[in-house]
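Everything below concerns the one structure shown next.
The values are calculated or read from the model by the stated rules, or taken from the named source; none is laboratory data. Keep in mind it's a predicted model, so treat the numbers as computed, not measured. Positions of Cβ are generated from backbone atoms using ideal geometry, with glycine treated the same way; all protein chains shown enter the neighbour counts. Protein only, heavy atoms only, side chains kept; ligands, DNA and RNA dropped before computing areas. Shrake-Rupley method; radii C 1.70, N 1.55, O 1.52, S 1.80 Å.
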Amino acid sequence: MAERTRAHPEQTRAHPEQTPTHRVEGVPLGDLGRRLATRRSQLGLTRRETATRAGMAPSYLAYLEEHPGAAPGPGPLLRLAEALETTVSELTGGEIDLPPGPARAARTPEFTQLEPPECRALLATHGVGRLAVSTESGLVIVPVNYSVIEGSVVFRTTLGATPALAAGSRVAFEVDRIDDAFSRGWSVLVRGDARAVTDADEQRLLDSQAHSTPWPGGRRDLWVRIGLDTVTGRRISL
């Protein structure tokens, strides 16, 4: 006999009239809730659209996102992972301590060159990239939180920090996404001149439009802007 998993009462499929279309989405709480909401945002999906894809009531998806103690069974998790084009392990945080791309590569992968417009679009979907800068001891690659504002990659740092060495130099900046479960992914590489932002109006603009604050915390008042002189990218698939 197949094993049955206990479902939350709101998991069952609801009649369209039972779930208001104008419902305001609540604040995601808990690790699972935040991962679900973040992945939906990356795909541009609402809760209702995601729930429809996963064959569940929007109210149940709201419950999963807004209740830290929510513990759905393997069935709902599998459907959500499929609907959000990801894996159960990604949704539940099982791979948080693993570097991207540890799995064996597919036997016959296909590489596709990305056009500059698609590269720029992919750049704008992420918030952490790798910055390659030259130091006294040689080239160093460091992760930085970034935003794409007015056609440039921008990030905040502080004088004396390694990322600050980018100002006044030509640098490389890379962003990628690797999906081991489906043996696919992409990478975008930017090359351009980096400069420190010293104009007060420009600094205020960047402060107001930045997606997030730097992960290291503390005061980070130095804005650095990287021009997208050369943008290239590749996509890998089966």
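Take segment 133-160 and flag every residue that is small (Gly, Ala, Ser), in contact (Cβ under 8 Å) with a residue 40 or more places away in the chain and either assigned to a loop (DSSP other than H, G, I, E, B) or open to solvent by 30 Å² or more (accessible area, probe 1.4 Å) (or both).
Within segment 133-160, just Gly151 meets the criteria.
How many of the residues making up segment 71-88 are open to solvent by 40 Å² or more (accessible area, probe 1.4 Å), in a loop (DSSP other than H, G, I, E, B) and touching a residue at least 24 places away in the same chain (Cβ under 8 Å)?
Residues in segment 71-88 being open to solvent by 40 Å² or more (accessible area, probe 1.4 Å), in a loop (DSSP other than H, G, I, E, B) and touching a residue at least 24 places away in the same chain (Cβ under 8 Å): 1 in total.
Just checking, does segment 79-92 include any residue being at pLDDT 90 or above, of a type outside the set (Ser, Thr, Tyr) and either within 15 Å of the chain's Cα centre (by Cα) or within 25 Å of Ala210 (Cβ to Cβ) (or both)?
yes
Which residues, taken from segment 40-70, are over 28 Å from Ile178 (Cβ atoms) and open to solvent by 30 Å² or more (accessible area, probe 1.4 Å)?
Once the filter is applied, which keeps residues that are over 28 Å from Ile178 (Cβ atoms) and open to solvent by 30 Å² or more (accessible area, probe 1.4 Å), segment 40-70 yields Arg48, Thr52, Ser59, Tyr63, Glu66, His67, Pro68, Gly69.
Criterion first (within 30 Å of Leu78 (Cβ to Cβ), surrounded by 16 or more Cβ atoms within 10 Å (Cβ to Cβ), modelled with pLDDT of 90 or more and small (Gly, Ala, Ser)) does Ser183 satisfy it?
no
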